[in-house]
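Data block below; observations after.
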Amino acid sequence: MDKSWMTKHRNSDEYKKWSLNSQRLVRLTMENPQHMQHYFFPSYNEGWKVMTIGKTSEVMNSKAMISIDCEMVLCQDGTESVVKVCAVDQNLEVKLNKVVNPNKAVADYRTHITGISAKDLEGVTCSLVDVQKNLRKLLSHGSILVGHSLYNDLHALKFDYPQVIDTSYIFKYMDLPTGASPSLNNLCKSVLGFAVREDGEPHNCLNDARAAMKLVLAKLEHGFDDPIEASGNNAPEVKLEKLLLHKIPVDVPCQLLLSVFPRDSCVAVEQTDVRVRGESYSTFVSFRNAAEANEAFKVLDGRESKDSCGRPQKHIFLKLSSGQTTSFYARKMTADAVFKKCDTSKKRAGEVENINSELEQAQDDTSESKRQRTCPHPCKHVTEIERLKQELREREDEIFHLQKILCTVAKKHGLQQKDCC
């Protein structure tokens with residue numbers, strides 16, 4: 001779509017139709033079965049900003065769209081923080097292009113993906129709060145927020161906004177499993193006819209924001225209502241070969257962490273810089289391939305839960321040489337659905353018959369399973385209950401650990417057990 005198209009046709013019937021179609025894409029995003037799960041944010045937590053969209057009439061008449069993309073680094077506390085954010089409008093003009101200081105120790109800059117290194121953050125004063133203020137200003141007139149798998153960006157930005165178009169939701173795919181979505185690069189190849197980046201090239205935040213907007217403009221102008229081919233391995237093998245260990249007490253050496261894995265596992269632990277550690281730190285363990293990493297996680301002895309992005313993790317207890325017990329978390333690099341999707345793509349080439357038989361078997365599921373599948377929109381209350389259950393389990397583990405420490409201290413000072421346990 002031409003840059004000046006919207007200006008030239010502002011009062012035309014075609015423009016009004018285009019505006020209505022953009023609202024249709026908002027509804028299409030909201031109607032996706034994954035929407036409730038992905039866009040149900042913990043916006044009641046500290047640091048989150050919730051922005052409402054004002055009057056219905058203002059929203060329905062809004063013509064503006066803003067596309068955003070973020071790059072995130074992994075911090076020592078196991079969380080992800082924004083280090084770069086870019087935004088463009090529907091004319092592809094830059095509205096925001098900021099490097100952001102996470103203001104906490106970084107465990108992995110993911111430079112091969114983000115293109116950001118420690119040197120790029122030197123002297124940077126822009127904070128997440130500053131970016132949130134910029135977003136509020138850009139969206140103040142009911143603009144539609146656009147992005148590819150936008151929930152990941154909003155979660156990192158700690159920004160809850162209801163009127164969104166997720167480009168991973170608005171197309172139909174003929175070659176992906178249900179619930180799976182293509183990478184931005186593969187989707188652009190199929191819809192726009194070109195790739196956003198070459199294989200192995202770092203992400204360009206600004207180019208990705210523009211690419212997401214171009215996908216929306218192409219959908220508005222040409223429809224793309226028929227299913228498209230958008231396959232591809234969207235989870236790099238190098239990530240799946242690792243497990244993240246985080247919330248490790250600073251006095252626990254890296255090499256000791258290997259003791260929780262089977263002896264026959266071929267693993268290596270990455271050394272961390274002690275100068276950037278706080279009370280706890282994070283590191284990675286690497287395996288020969290994704291399957292071994294997956295199996296190693298499976299056999300780990302610990303209570304399993306999911307982190308805020310749906311990635312499986314286990315709470316591991318480790319006995320030290322001093323006799324004391326400490327704990328940390330072991331987490332997969334991606335959600336199970338992604339691992340299964342990659343595995344499925346490998347099977348397609350040589351195991352088509354097996355997959356067909358599995359599909360036939362799936363059709364014979366019990367009526368209870370069928371009822372579950374016909375209700376793809378999970379209830380908000382159920383999601384909240386599951387989150388609270390997970391939080392309660394983590395608190396119970398912490399209390400159990402503290403009780404053991406308390407008993408040890410009490411016995412050392414000759415207190416009676418009933419006074420401490």
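The values are calculated or read from the model by the stated rules, or taken from the named source; none is laboratory data. Bear in mind the structure is a predicted one, so any value in this text is a computation, not a measurement. We place every Cβ from the backbone using ideal geometry, glycine too, and count neighbours over all the protein chains shown. For accessibility, only protein heavy atoms count, side chains too; no ligands or nucleic acids. Shrake-Rupley method; radii C 1.70, N 1.55, O 1.52, S 1.80 Å.
Does the stretch 116-129 contain at least one residue that is touching a Leu at 6+ places or on another chain (Cβ under 9 Å), buried (at least 19 other Cβ atoms within 10 Å of the Cβ) and assigned by the TED database to the domain that holds Gln23?
Yes: one or more hits.
Within the stretch 291-307, the residues that satisfy the criterion of being under 12 Å from Lys332 (Cα atoms), among the charged types (D, E, K, R) and in a strand (DSSP E or B) are Glu304, Lys306. Evaluation of Gly179 against the conditions (1) open to solvent by 30 Å² or more (accessible area, probe 1.4 Å); (2) on the phi < 0 side of the Ramachandran plot; (3) out of contact with any strand residue (DSSP E or B) (no Cβ under 6 Å at 6 or more places or on another chain) shows that the sole unmet condition is (2).
Within the stretch 88-108, the set of residues being outside any loop (DSSP other than H, G, I, E, B) and among the small types (Gly, Ala, Ser) comprises just one member, Ala107. Regarding Val83, is this residue open to solvent by less than 40 Å² (accessible area, probe 1.4 Å) and touching a Cys at 6+ places or on another chain (Cβ under 6 Å)? Spelling it out, it is not the case that Val83 is open to solvent by less than 40 Å² (accessible area, probe 1.4 Å) and touching a Cys at 6+ places or on another chain (Cβ under 6 Å). Out of Leu135, Leu150, Leu154, Leu145, one residue alone is in contact with an Asp or Glu (Cβ under 8 Å, 6 or more places away or on another chain) and either of a type in the set (Val, Ile, Thr) or under 16 Å from Leu206 (Cα atoms) (or both). It is Leu150. Within the stretch 165-174, not a single residue is more than 23 Å from Ala230 (Cβ to Cβ), open to solvent by less than 10 Å² (accessible area, probe 1.4 Å), at pLDDT below 95 and out of contact with any Asp or Glu (no Cβ under 7 Å at 6 or more places or on another chain). Which of the residues that make up the stretch 138-152 are outside any loop (DSSP other than H, G, I, E, B) and either farther than 19 Å from Val94 by Cα or open to solvent by 10 Å² or more (accessible area, probe 1.4 Å) (or both)? Scanning the stretch 138-152 gives Leu138, Tyr151, Asn152. Is it the case that some residue within the stretch 10-17 is within 23 Å of Leu138 (Cβ to Cβ), surrounded by 14 or more Cβ atoms within 10 Å (Cβ to Cβ) and at pLDDT 70 or above? Checked the stretch 10-17: no residue is within 23 Å of Leu138 (Cβ to Cβ), surrounded by 14 or more Cβ atoms within 10 Å (Cβ to Cβ) and at pLDDT 70 or above.
One line per residue, one yes/no per condition, for (1) part of a helix (DSSP H, G or I); (2) crowded, with 18+ Cβ neighbours inside 10 Å:
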site	(1), (2)
Asp199	no, no
Pro202	no, no
Asn207	yes, no
Lys214	yes, yes
Leu217	yes, yes
Phe224	no, no
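Scanning the stretch 280-321 for residues that are closer than 14 Å to Val260 by Cβ, open to solvent by 10 Å² or more (accessible area, probe 1.4 Å) and of a type in the set (Gly, Ala, Ser) yields one hit, Gly302.
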